[in-house]
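The values are calculated or read from the model by the stated rules, or taken from the named source; none is laboratory data. Everything numeric here is computed off the predicted structure, so don't read it as measured data. All Cβ positions, glycine included, derive from the backbone under ideal geometry; neighbour counts span all protein chains shown. Keep in mind that these areas ignore ligands, DNA and RNA; they rest on the heavy atoms of the full protein, side chains included. Shrake-Rupley method; radii C 1.70, N 1.55, O 1.52, S 1.80 Å.
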Amino acid sequence: MSLIAIRKRSLTVETVFHEGGPPPAVPLKLAAACAVIRNPYAGRYEPDLLPFMAALRSLGTLLAQELVDTLGREQVEVYSKAAIVGVNGEMEHGAVWHEAGGWAMRAVLGEPKAIVPAAKAVAATGYRLMVPLHHIHASYVRSHYNSMEIGIQDAPRPDEILFALVMGTGGRVHARLGGLAKDQVAVHDGQR
């Protein structure tokens, strides 16, 4: 039996036209691709989660490609990943997404340099999670620190996991707090 059994998927796109000031030349788009799957380890302890993590790479690629198809690969400037584990699971069941989801986004986006931020929780059905975002090539591009809410009203059920990837086309609308600017990022700035 496959370790990945999808019950449903969702794609959410937010378009920000302004934040009370002048409209930007191009609106900011943030998108979240989610998949709700059966948790193969719900209700029991499994000592070896590596096969699950490996199997999730295909799901990560599917979600990452959906986001790139939605936003355009060359337009993506921010990213993140998230997992909400149903209450019959454990935090480690969501942590498998760090490698699987992060690897998939890096592969689809052409190997960006910055670490992929993340959020995860074990929670009841309908839980909403704020997911941190930052620049894909340099973690400390202050204008690109942002967040997006993810969640699905009927998920995750107790024996499920909701996995999400998030991408966006830029930094905050009206960002004006200084720091490393995106046009100053050098090849070795991935963690800077």
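Out of the residues in the stretch 109-122 that are within 22 Å of Leu50 (Cβ to Cβ) and within 14 Å of the chain's Cα centre (by Cα), which is least open to solvent (accessible area, probe 1.4 Å)? Steps first, answer last, please.
Start the filter on the stretch 109-122 by keeping residues that are within 22 Å of Leu50 (Cβ to Cβ), which leaves 115-116, 118, 120, 122.
Remaining after also requiring within 14 Å of the chain's Cα centre (by Cα): 115-116, 118, 120.
Details: Ile115: 92, Val116: 12, Ala118: 39, Lys120: 74 Å².
Out of the qualifying residues, it is Val116.
Residues are listed down the side, and each one gets a yes or a no for (1) touching a residue at least 24 places away in the same chain (Cβ under 8 Å); (2) basic (Lys, Arg); (3) farther than 19 Å from Ile152 by Cβ; (4) surrounded by fewer than 15 Cβ atoms within 10 Å (Cβ to Cβ):
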residue: Glu46; (1), (2), (3), (4): no, no, yes, yes
residue: Pro51; (1), (2), (3), (4): yes, no, yes, yes
residue: Leu56; (1), (2), (3), (4): yes, no, no, no
residue: Val68; (1), (2), (3), (4): yes, no, yes, no
residue: Arg73; (1), (2), (3), (4): yes, yes, yes, yes
residue: Ala82; (1), (2), (3), (4): yes, no, no, no
residue: Val85; (1), (2), (3), (4): yes, no, no, no
residue: Ala107; (1), (2), (3), (4): yes, no, yes, yes
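Please enumerate the residues belonging to the stretch 87-105 that are open to solvent by 10 Å² or more (accessible area, probe 1.4 Å), of a type in the set (A, V, I, L, M, F, W, C) and within 12 Å of Leu165 (Cα to Cα).
Trp103
Name the pairs whose Cβ atoms lie under 8 Å apart, with the first residue in the stretch 121-141 and free of Cβ contacts under 8 Å to residues at least 24 places away in the same chain, the second of a type outside the set (S, T, N, Q) and in a strand (DSSP E or B), and 6 or more positions between them or separate chains?
Arg128/Glu149; Arg128/Ile150; Met130/Ala119; Met130/Met148; Met130/Glu149
Applying the selection to the stretch 10-38, what residues are touching a Lys or Arg at 6+ places or on another chain (Cβ under 9 Å), within 25 Å of Tyr127 (Cα to Cα) and not charged (D, E, K, R)?
Taking the stretch 10-38 first, the residues touching a Lys or Arg at 6+ places or on another chain (Cβ under 9 Å) are 13-16, 19, 28, 33-38.
Retained after the next criterion (residues that are within 25 Å of Tyr127 (Cα to Cα)): 13-16, 33-38.
Listed by number, the residues that qualify are Val13, Thr15, Val16, Ala33, Cys34, Ala35, Val36, Ile37.
Quick check on the stretch 1-20: of everything there that is within 27 Å of Leu49 (Cα to Cα) and of a type in the set (S, T, N, Q), which residue is least open to solvent (accessible area, probe 1.4 Å)?
Here the answer is Ser10.
Which condition number in (1) of a type in the set (A, V, I, L, M, F, W, C); (2) farther than 24 Å from Leu62 by Cβ; (3) open to solvent by 10 Å² or more (accessible area, probe 1.4 Å); (4) without any contact (Cβ under 8 Å) to a residue 60 or more places away in the chain is the one that Val173 fails?
Going through the list (1) of a type in the set (A, V, I, L, M, F, W, C); (2) farther than 24 Å from Leu62 by Cβ; (3) open to solvent by 10 Å² or more (accessible area, probe 1.4 Å); (4) without any contact (Cβ under 8 Å) to a residue 60 or more places away in the chain, Val173 breaks only (4).
Identify the residue in the stretch 123-170 that is open to solvent by less than 60 Å² (accessible area, probe 1.4 Å), polar (S, T, N, Q) and modelled with pLDDT of 95 or more and, among all such residues, is nearest to Arg106 (Cα to Cα).
The selected residue is Thr169.
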